[in-house]
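Have a look at the structure below, then the notes.
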Amino acid sequence: MAPYEIRLIGDPVLKQVAAEVTDVDAALVRLADDMVATMYEAPGVGLAAPQVGVQKRLFVYDLHDDTGAHVIVNPVISEGRGEYVFEEGCLSVPGLAWEIVRPDEIHLTGYDLDGNEVSIEASGYEGRVFQHELDHLDGVLLVERLDEDQRKAAKRLVREMMMERRSSPPPSVGGLSFA
Ligand code: ZN
């Protein structure tokens, strides 16, 4: 069983801005390990601390590129360039996905669990995962990245999803519901 239950849309913790990490101690390492286990079990390619109810600025990810799981502490994204349309899902909004436009190329900086600075130029899918996770640290869910018409339809779908969840597990959307 996963160490954490993933918080779902409607949970107030998902709308709060998470606090900077000031200490990388044993408790933070344990949190990151438990987040990775929770992400794998979901399964997803990324998971941010608020999604497990922890108000700290870190996320974990695994792009299935044979480099394994990574942890980014206090991430910052700068320099968004270009446009990339991608059908995006979220483990906190299970079973739903939308085409969302975001910058294509971004520059991610932050720290790993050893305190080393991390600097990654990312684009496409990788850049999308980072932008999605950073949004979680700022209390933003993907439905807020939709235009007004999409958002109205999305709200209706989310309401239906929440009703259905009481009686049955969420539908699967394949590999899209990711982060
Ligand atoms: Zn998400």
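Checking the structure you have, find out if any residue of segment 160-177 is under 20 Å from Val36 (Cβ atoms) and modelled with pLDDT of 95 or more.
No, segment 160-177 has no match at all.
Please indicate, with yes or no, whether at least one residue in segment 95-113 is in contact with a His (Cβ under 7 Å, 6 or more places away or on another chain) and either loosely packed, with under 12 Cβ neighbours inside 10 Å or under 24 Å from Ala18 (Cα atoms) (or both). Walk me through it before giving the result.
Within segment 95-113, the first condition is being in contact with a His (Cβ under 7 Å, 6 or more places away or on another chain), and the residues that meet it are none.
No, segment 95-113 contains no residue that is in contact with a His (Cβ under 7 Å, 6 or more places away or on another chain) and either loosely packed, with under 12 Cβ neighbours inside 10 Å or under 24 Å from Ala18 (Cα atoms) (or both).
Quick one: in segment 43-68, of everything that is surrounded by 18 or more Cβ atoms within 10 Å (Cβ to Cβ) and of a type in the set (A, V, I, L, M), which residue is farthest from Ala2 (Cα to Cα)?
Taking segment 43-68 as the starting set, the residues that turn out to be surrounded by 18 or more Cβ atoms within 10 Å (Cβ to Cβ) are 44-52, 54, 56-62.
From what is left, the residues that are of a type in the set (A, V, I, L, M) are 45, 47-49, 52, 54, 58, 60.
Working: Val45: 15, Leu47: 13, Ala48: 15, Ala49: 14, Val52: 11, Val54: 16, Leu58: 18, Val60: 15 Å.
The extreme case among them is Leu58.
Which one is surrounded by the fewest Cβ atoms within 10 Å (Cβ to Cβ) among residues in segment 118-148 that are within 11 Å of the ligand (Cβ to nearest atom) and in a loop (DSSP other than H, G, I, E, B)?
Only one residue fits best here, namely Val140.
Could you list, in sequence order, the residues of segment 36-93 that are among the acidic types (Asp, Glu) and in contact with a helix residue (DSSP H, G or I) (Cβ under 9 Å, 6 or more places away or on another chain)?
Within segment 36-93, Asp62, Asp65, Glu87, Glu88 meet the criteria.
Scan segment 123-145 for residues that are within 13 Å of Val76 (Cβ to Cβ) and of a type in the set (A, V, I, L, M) and jot them down.
Listed by number, the residues that qualify are Leu134, Leu137.
Counting only residues that are within 14 Å of the ligand (Cβ to nearest atom) and part of a strand (DSSP E or B), which one in segment 78-94 is surrounded by the fewest Cβ atoms within 10 Å (Cβ to Cβ)?
Step by step, filter segment 78-94, then rank; the result is Glu87.
Select from segment 15-32 the residues that are in a helix (DSSP H, G or I) and touching a strand residue (DSSP E or B) at 6+ places or on another chain (Cβ under 9 Å) and write down the one among them that is surrounded by the fewest Cβ atoms within 10 Å (Cβ to Cβ).
Taking the candidates together, the pick is Val29.
Kindly list, by first and then second residue, each pair from a residue in segment 34-63 that is on the phi > 0 side of the Ramachandran plot and in contact (Cβ under 8 Å) with a residue 60 or more places away in the chain to a residue that is in a helix (DSSP H, G or I) and surrounded by fewer than 22 Cβ atoms within 10 Å (Cβ to Cβ), limited to pairs with Cβ atoms under 6 Å and residues at least 6 apart or on different chains.
Listed by first residue and then by second, the contacts come to nothing, as the list is empty.
The values are calculated or read from the model by the stated rules, or taken from the named source; none is laboratory data. Here the structure is a predicted model, which is why all the values come from computation and not from measurement. Note: ideal-geometry Cβ built from the backbone for every residue, glycine included; neighbour counts use all protein chains shown.
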